[in-house]
1. Arranged from highest to lowest average of other beta-carbon atoms within 10 Å per residue, in what order do the peptides 148-159, 163-174 appear?
2. With r as the distance between the Cβ atoms of N134 and A271 and R0 = 25 Å, compute the FRET efficiency 1/(1 + (r/R0)^6) and round to 0.05.
3. Would you kindly state how much longer the chain becomes between V106 and S320 on full extension, computed as 0.36 nm times their sequence separation minus their alpha carbon distance, in nm to one decimal?
4. Tabulate in residue order the Karplus-calculated ³J(HN,Hα) for the stretch 297-311, using 6.51 cos²θ - 1.76 cosθ + 1.60 with θ = phi - 60°, rounded to whole Hz; enter x for Gly and Pro.
5. Can you tell me the order of 180-190, 195-205 when each peptide is scored by its average per-residue count of other Cβ atoms within 10 angstrom, highest first?
6. Mark the label point 7 Å from the Cα of K263 along Cα→Cβ and return the residues of the stretch 290-319 whose backbone N is within less than 17 Å of it.
7. Run the numbers for L301 and R286: contour at 0.36 nm per residue of separation, minus the present Cα-Cα distance, in nm.
8. Take the alpha carbon atoms of the stretch 182-225, find their center, do the same for the stretch 259-323, and report the distance between the two centers in whole angstrom.
Amino acid sequence: MDRDTLLIVVLVVLVAGGLFFGVIEPMLSGDAKAEKRQKALQSSARRTNDRSGDTVNRRKQVADSLKEVEQRGKSKRVSLEQRLQQAGLNISKSRFFIYQAVGAVVMTGVLFFATGEPLYSLAGLIIGGLGLPNWVVGYMRKKRIKKFVEAFPDAIDVIVRGIKAGLPLGDCLRVIGSEAPEPVCTEFRAVVEAQTMGLSAGEAVDRIGVSIPTAEANFFTIVINIQQKSGGNLAEALSGLSKVLRDRKKMRQKIQAMSSEAKASAGIIAALPFAVGLLVYISSPRYIELLWLTNTGRVVLLASAFWMFLGVMVMRKMISFDF
């Protein structure tokens with residue numbers, strides 16, 4: 001067999017194989033039938049979608065509303081004004097800076113008179129000027145948000161009962177703003193005031209998500225915005241939201257109960273160095289006094305405190321659960 005004949009045979013085999021895998025093999029494996037069924041289902045779905053154009057438009061409106069609320073709710077860097085607002089502090093940024101300066105001066109003076117070392121007193125600038133004021137604001141912010149989340153499902157139930165009784169949404173918000181506990185009443189009073197200035201209900205409730213950056217507040221914002229743009233039974237939607245929030249509260253309490261053992265162990269481990277140091281000081285004070293009477297002991301004490309702080313932060317991260 002010469003070279004040209006061999007080349008022709010190879011080409012014929014390749015063409016036959018291509019025809020087999022491209023035409024005959026799909027028929028044998030059922031792919032052709034599957035494609036026909038998919039085309040039939042797609043055409044049927046198109047006819048169904050054509051007949052239910054209103055439903056598609058409604059779903060599109062809901063999806064657009066969700067995307068819009070999600071884009072607005074994407075957390076950027078929280079400014080100092082927002083942190084003060086979330087903590088419930090009615091002070092300006094300049095007033096907060098004044099408090100920081102006062103705290104830095106006071107802490108620096110306390111450390112200087114306690115130690116007599118200018119180097120240690122410089123740490124008061126950081127502790128009193130940056131650490132302590134920001135910690136207080138963070139603590140008050142976290143406490144206020146927790147109180148809001150605890151009382152928020154009851155406020156939603158008030159809206160549900162009011163709407164079922166025939167009251168408009170604005171009147172239900174006014175009832176919450178006047179009778180609900182803090183900080184729920186303050187936030188809903190702000191919503192009512194925003195509506196009085198001409199904002200819609202959806203735009204007004206968006207402020208709750210800014211001042212209370214939690215998933216519960218974002219859920220409420222999404223429900224109100226969707227109902228304002230696409231309609232629907234608001235009482236039913238809020239009733240489902242109330243159930244979801246209460247289930248989240250139960251789950252949070254269950255997580256706290258299950259993690260209580262780990263938190264107790266972390267507390268014991270963190271308190272153990274202080275307890276051992278106190279017992280050693282009671283039994284043999286000259287042995288442990290070297291830690292703060294000598295320069296080497298002070299360096300060791302500061303290094304140990306730093307590593308202990310890192311260990312406490314790691315344990316705190318391990319026993320803090322979010323969902």
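Computed from the coordinates by the stated procedures, all read-outs in this text should not be read as laboratory data. What you see is a predicted model; the values in this text were computed from it and never measured. Using ideal geometry, Cβ is built from the backbone for each residue, glycine included, and neighbour counts are taken over all protein chains shown.
1. On the way: 148-159: 20.1, 163-174: 15.4.
The most tightly packed comes first, giving 148-159, 163-174.
2. 0.50
3. Working: separation 214, 0.36 × 214 = 77.04 nm, distance 3.35 nm.
Working it through step by step, the gained length comes to 73.7 nm.
4. Result, rounded to whole Hz: x, 5, 5, 5, 5, 5, 5, 5, 5, 5, 5, 5, 4, 4, x.
5. Details: 180-190: 17.9, 195-205: 15.8.
Highest-to-lowest ranking by the protection proxy: 180-190, 195-205.
6. Residues passing the 17 Å test: 312-319.
7. Numbers: separation 15, 0.36 × 15 = 5.40 nm, distance 1.57 nm.
Length difference between fully extended and current span is 3.8 nm.
8. Measuring centre to centre over Cα atoms gives 44 Å.
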